[in-house]
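Values quoted throughout were computed directly from the atomic coordinates according to the rules given, and no laboratory measurement underlies them. Quantities reported herein were computed from a predicted structural model and do not represent experimental measurements. A quick note on method: Cβ atoms are made from the backbone with ideal geometry, for glycine too, and the neighbour counts reach across all protein chains shown.
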Amino acid sequence: MIKIHDLAKSYGNINAVDGIDLEIPSGQFFGFLGPNGAGKTTTIKMMVGLLKPTRGRIVIDGKDVAIDPVQAKAQIGYIPDRPFIYEKLTGREYLHFIADLFGMDRNVAWDRAENYLQFFDLDAAKNELVESYSHGMRQKLVISGALIHDPRVVVVDEPMVGLDPKGARQVKQLFVDLCQKGVSIFMSTHSLGIAEAMCQRIGIIQKGKIIALGSVEDLRRLAQKHDADLEDIFLELTGDTDLQNLVQSLAKPGRTS
Ligand code: ATP
């Protein structure tokens, strides 16, 4: 369960996040969408304790991130969009290292590490240094590391970037399974097709404020676009209708230039 109350972050006179309220229950897959510069990464960094809010409160599974940061972080699996991994560790050593940081029992942790390495087809490369891994292999390793301590909340920024179709499907399946086990997933993405297919609830942030919140059907009603897909709804709600009209006119048959 994630509770966010009146969360704000300012950089000088820029209100990057401007008083947002959100509640994501256990087992919900929540999509966090917004145009470039809307405040998504800033929100996520505050949720995972990397950035101090200017005001507001974040509670992760009953633990306040500001008051009880260690306990709150122990409940979170964070998958950043630009992950940092120690290049001079092997894939397996990296997972063991992360498990040690969380103070996990080694027998449990090492079993889980082997399971993830196998699940993501990293078995053959597990004793190679991370510096030799492709982008997609690194992404799979980072996801494994973020989940190894069995978090109650997963916070993820653009999870599918760089993954091949099989990898993307594996991650989707993993996320669905986690939700079924009661884990809340908070996913920021620009991949509206993935958000539409996977998220039970969606929040759209623009200029630091939540401008729409609900299921895809709720957002459709809000945008008054009854048969539209999430991309159309998003462009309508964020006011990018000029762009939509331009794209439609470019796509018109008979257009010569
Ligand atoms: P994108 O989709 O492009 O990644 P975003 O929604 O994640 O965008 P943020 O990175 O949260 O957006 O940025 C929100 C606003 O805060 C932007 O106006 C950005 O320029 C500003 N901002 C972010 N980080 C800083 C910083 N360290 N110093 C000053 N301004 C910042």
Legend entry - Sum of side-chain charges, Lys88 neighbourhood, beta-carbon under 12 Å (Lys, Arg +1; Asp, Glu -1): -4
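What's the Cα-based Rg to Rh of the stretch 26-151, Rh via Kirkwood? Walk me through the numbers on the way to the answer.
Details: Rg = 15.9 Å, Rh = 15.9 Å.
Answer for the stretch 26-151: 1.00.
Order these peptides, 143-153, 50-60, by their mean beta-carbon neighbour count within 10 angstrom, highest first. Don't skip to the end; give the middle numbers.
Values: 143-153: 21.0, 50-60: 17.0.
In descending order of packing, they fall as 143-153, 50-60.
Which GluC sites (Glu not before Pro) in the stretch 100-190 sit in a loop by DSSP (not H, G, I, E or B) and have at most 11 other Cβ atoms within 10 Å of their own Cβ? Could the numbers behind the result be given before it?
Working: sites: Glu114, Glu128, Glu131; in loops: Glu128.
In loop regions of the stretch 100-190 (DSSP not H, G, I, E or B), there are no sparsely surrounded GluC sites (Glu not before Pro).
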Legend entry - Under the Karplus curve 6.51 cos²θ - 1.76 cosθ + 1.60, θ = phi - 60°, whole-Hz ³J(HN,Hα) for the stretch 210-217, x wherever Gly or Pro sits: 6, 9, 7, 8, x, 6, 4, 5
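Near Gln224, within a Cβ-to-Cβ distance under 15 Å, what is the net charge of the other residues, with Lys and Arg +1 and Asp and Glu -1? Before the final figure, lay out the partial values.
On the way: positive: Arg220, Arg221, Lys225; negative: Glu217, Asp218, Asp227, Asp229, Asp232, Glu236.
Charge balance in the 15 Å sphere: -3.
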Legend entry - Cα centroid separation, the stretch 7-24 to the stretch 114-179 (Å): 30
Inset, instruction - Quick one: which residues, 5 or more positions from Ile202 or on another chain, have an amide H under 5 Å from its amide H? H modelled 1.01 Å from N in the peptide plane, none for Pro or chain starts. - result: Gly31, Gly214, Ser215
Legend entry - Inter-centroid distance (Cα atoms) of the stretch 194-231 relative to the stretch 60-80, Å: 27
Inset, instruction - For the stretch 84-92, take each phi angle, set θ = phi - 60°, evaluate the Karplus expression 6.51 cos²θ - 1.76 cosθ + 1.60, and give the result in whole Hz per residue in order, putting x for glycine and proline. - result: 9, 10, 5, 5, 8, 9, 7, x, 5
Inset, instruction - Give the residues of the stretch 128-154 whose amide nitrogen is closer than 11 Å to a point set 7 Å from the Cα of Asp164 in the direction of its Cβ. - result: 136-137
Inset, instruction - Lys and Arg at +1, Asp and Glu at -1: add these up for the other residues within a Cβ distance under 15 Å of Gly214 and post the number. - result: -2
Inset, instruction - Determine, from the Cβ-Cβ distance of Asp218 and Lys52 and an R0 of 45 Å, the FRET efficiency 1/(1 + (r/R0)^6), rounded to the nearest 0.05. - result: 0.85
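Return the percentage of antiparallel bridges among DSSP beta bridges fully within the chain, rounded to the nearest 5 %.
Values: 21 of 38 bridges.
Restricted to the chain, the bridges split so that about 55 percent are antiparallel.
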Legend entry - In order through the stretch 171-176: 3J(HN,Hα) via Karplus (6.51 cos²θ - 1.76 cosθ + 1.60), integer Hz, x for Gly, Pro: 5, 4, 4, 4, 5, 4
Legend entry - the chain: translational diffusion in µm²/s, Stokes-Einstein, Kirkwood Rh over Cα pairs, 4 °C, 1.567 mPa s: 67
Legend entry - Simple spin-label estimate for Gln180 and Ser10 in nanometres, 7 Å along Cα-Cβ: 4.8
Legend entry - Cleavage-rule hits, trypsin sites (Lys or Arg not before Pro), the stretch 166-195, DSSP coil, Cβ neighbours within 10 Å at most 16: Lys181
